[in-house]
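Below is one structure, written out as structure tokens; the observations come after it.
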Amino acid sequence: MHRFKHPLSFWLLCGLAVCPIYAADQIIEDPVIELSESVYCPCGCVRETIRACVCGTAQGITLEFQTRLQNGETIAGIREEYLEKYGTQFNAVMLAQGFNVVAYIIPFFILIAGLGIVSVVIARLKRRVKGPAKAPSTEVDLSSKFNYQQVEDELERYKRD
């Protein structure tokens, strides 16, 4: 069995093993749902996707999407025309282009940095626990602090009184 020299390497390996599970493309059976979740409603109410919005505008756009898909148009084509008509601010899907790439990458760096900090703290705590604490010596060298003769004299004086 392989032993990991650093705890962070174990967690990194676990993360890499899980990545393919989440990397698989999501299968959405209904193209209308996929399309209506990828664009925002232009009604002016709350900023919601067409699928989440309950206004009449959203219902009308959903019906338009259904008829266009039944006529053989593609999801990408319909989405592009919608965004040309209303503007790119109505795109609910953040594209991995330009500065948006930073928004995709930063969480991974924060996770790795956090795991690194945790592993360093744990390593330092282990070092503290490993070394047994040296107990202070219970023997007291009285000869250096007191003169025995002086103590004996004090006792004799005490007994006389």
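Every read-out reported here was derived from the displayed coordinates using simple, explicitly stated rules and does not represent laboratory data. Everything quoted here is computed from the prediction, not taken from an experiment. Glycine also receives a Cβ, built like all others from the backbone with ideal geometry; neighbour counts cover every protein chain displayed.
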Original post:
Across the range 63-121, what is the number of residues that are part of a helix (DSSP H, G or I) and farther than 28 Å from Cys45 by Cα?
Top reply: 21
Original post:
Take the residues of the range 45-81 that are touching an Asp or Glu at 6+ places or on another chain (Cβ under 9 Å) and in contact (Cβ under 8 Å) with a residue 40 or more places away in the chain: which is surrounded by the most Cβ atoms within 10 Å (Cβ to Cβ)?
Top reply: Ile78
